[in-house]
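Some notes on the structure that comes next.
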Amino acid sequence: MTGNRLNVIGELMNNSYARARQAFTTRSAVAYASLAKTQTNLGVKYLTLNLDGTARLQVKMAEMLAFLPDVIAAIQSVTSVPISFDNPSIEYHKVALQHYDRTKSGPPILNSVAASRTRLDGMIELVKHYDTNVIVMASEHFTPEGTSQCLNAADAHAAAKHFIERLVTRAGRRPDQIIIDPGLAPVGADTYGLVNIGLDAMRLIRDDPDLKGVHFIVGLSNFAWGTPKGVREQLENAYLTLGMEAGLDYALANPEKNPGPLPTNHPMVRQLRAALEQGRARDGETQETAGFRQAEAIMAICHDAAPVD
């Protein structure tokens, strides 16, 4: 393990969670304050605030923008932990940053800038104007046709480098104010080797002397999505061990699950490491073949680790 520390960005104020859906449905700023306080007491570094809709809850942009001032004030009334504002819309960030009081909590995070953002220059201007930290999505990049998902580590490295240079020159950011998200696919459905691409991308970025000082983040709950409940937390924590070896130091996660890396010699770490190696294409075979071999190895882990009734 490397000596870097895991900083958790608490994700409970997201409509993927039932308590957040209820709080948004009833427009209860008090309920959001309670979620903020719960996560603060668990030691999170930041609190993410994502009011967007999900498959279970339809949300209009106007509804989010109208509620943001009240919910931000309520959160900042109970905690000094800074907020990470998570939305692809520049309008969301404009309203959020206008109503955020940095004298109470310090600099917020704008999550996120990415190749596919429709008003990217405006987002970068907000980062500069409000002096924020910023999350960069390195899982997509510019192409001659527009934008595309990064399907190898070199493309993710190039995407990160592009945005770091842009944020340094146009928004006055230091590398240590920039957090790179290489993307994290659900491992149980990862037949293209996307988990390995993310890990390899972090290593490339970490070893690039021009990018020294940047941070790394993943959305941890994505990793074990779809796997049996009895194995999810160990899988997530085993991934943290591998990710932190590659330089990972932030995770968007549920702090109530006490996320943290397992020892490098833990059986789940050894099994996950071996399964991901199965996902690397060998001479003369396709990535699809390797991907299905990795998926079979992950299924075997889940079967062996699942609790017996």
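Close amide-amide hydrogen proximity is noted between Thr191 and no other residue 5 or more places distant or on a separate chain, at a cut-off under 5 Å (H modeled in the peptide plane; Pro and chain starts excluded).
About the centre of its Cα atoms, the chain shows a dipole size close to 860 debye [charges on the beta carbon of Lys, Arg (+1) and Asp, Glu (-1) only; nearest 20 debye].
Ordering Met64, Ser77, Ile217 by Cα displacement along the dipole of the chain toward the positive end leaves Ser77 in first place; charges were set at the Cβ atoms of Lys, Arg (+1) and Asp, Glu (-1). Determine which lysines satisfy two conditions relative to Lys60: a Cα distance under 24 Å, and not lying fewer than 8 residues away in the same chain. Within the straight-line limit of under 24 Å, Lys60 reaches these lysines: Lys94. Beta bridges from DSSP with both residues in the range 7-264: antiparallel share about 15 percent, rounded to the nearest 5.
Here the contact order of the range 7-264, divided by its residue count and restricted to Cα pairs under 8 Å and six or more residues apart, works out to 16 percent. Computed from backbone phi with θ = phi - 60° and the Karplus coefficients 6.51, -1.76 and 1.60, the 3J(HN,Hα) list for the range 11-17 is 10, 6, 8, 9, 5, 5, 9 Hz; x is used for glycine and proline.
When the helices of the chain are scored as -39500 (n - 2.57) per DSSP H run of n ≥ 4 and the total is divided over every residue, the value at 222 nm lands at -15000 deg cm²/dmol. In degrees, nearest 10, range 0 to 90: what is the angle between the Cα axis of helix 267-278 and the longest Cα principal axis of the chain? Computed tilt is about 80 degrees.
To the nearest ten degrees, helix 61-78 and the longest principal axis of the Cα atoms of the chain are 90 degrees apart.
Note that the range 19-35 has calculated 3J(HN,Hα) couplings of 5, 5, 4, 5, 5, 6, 4, 8, 6, 9, 5, 5, 5, 5, 4, 5, 5 Hz, one per residue in order, obtained from phi through the Karplus relation 6.51 cos²θ - 1.76 cosθ + 1.60 (θ = phi - 60°); glycine and proline are x. Mind pulling the angle between the C-alpha long axis of helix 229-245 and the longest principal axis of the chain? Nearest 10 degrees, somewhere in 0 to 90. Once rounded, one gets 90 degrees. According to the Cα-based calculation, Rg over Rh for the range 107-251 is 0.98, with Rh computed by the Kirkwood formula. Phi-derived couplings, Karplus 6.51 cos²θ - 1.76 cosθ + 1.60 at θ = phi - 60°, listed residue by residue for the range 101-116: 9, 6, 5, 8, 10, x, x, x, 10, 9, 10, 7, 9, 7, 4, 8 Hz, with x used for Gly and Pro.
Based on the alpha-carbon set only, what is the convex hull volume of the range 7-264 divided per residue, in Å³? Could you put the intermediate results ahead of the total?
On the way: hull volume 33.2 nm³, N = 258.
It is 129 Å³ per residue.
Taking a straight line from the alpha carbon of Lys257, these aspartates and glutamates sit under 20 Å away, with near neighbours fewer than eight places off in the same chain left out: Glu11, Glu233, Glu236, Asp249.
Here the simple spin-label model places points 7 Å from the Cα toward Cβ, and for Ala62 and Ala274 these points are separated by 5.8 nm. With an 8 Å Cα cut-off and a minimum separation of 6 or more residues, compute the relative contact order for the range 17-105 in percent. Once normalised by length, the contact order is 33 percent. Counting beta carbons within 10 Å around each of Ser80, Ser16, Ser221 and listing the fewest first gives the order Ser80, Ser16, Ser221. Taking amide H atoms as placed 1.01 Å from N in the peptide plane, the amide H of Ser84 lies under 5 Å from those of Leu47, Thr48, Leu49, Ile109, each 5 or more residues away in sequence or on another chain. In this structure, the pairs whose alpha-carbon distance is over 28 Å, taken from Lys128/Lys161; Lys45/Lys212; Lys161/Lys229, are Lys161/Lys229. Among the GluC sites (Glu not before Pro) in the range 131-211, those placed in a DSSP loop whose Cβ has at most 13 other Cβ atoms within 10 Å are Glu145.
As a calculated quantity, the FRET efficiency between Asn265 and Phe292 at R0 = 30 Å, using C-beta atoms, amounts to about 0.60.
No value in this document is a laboratory result; all are computed from the given coordinates. Predicted, not measured: the structure shown is a model, and the values here were computed from it. Cβ atoms come from the backbone with ideal geometry, glycine included; neighbour counts cover every protein chain shown.
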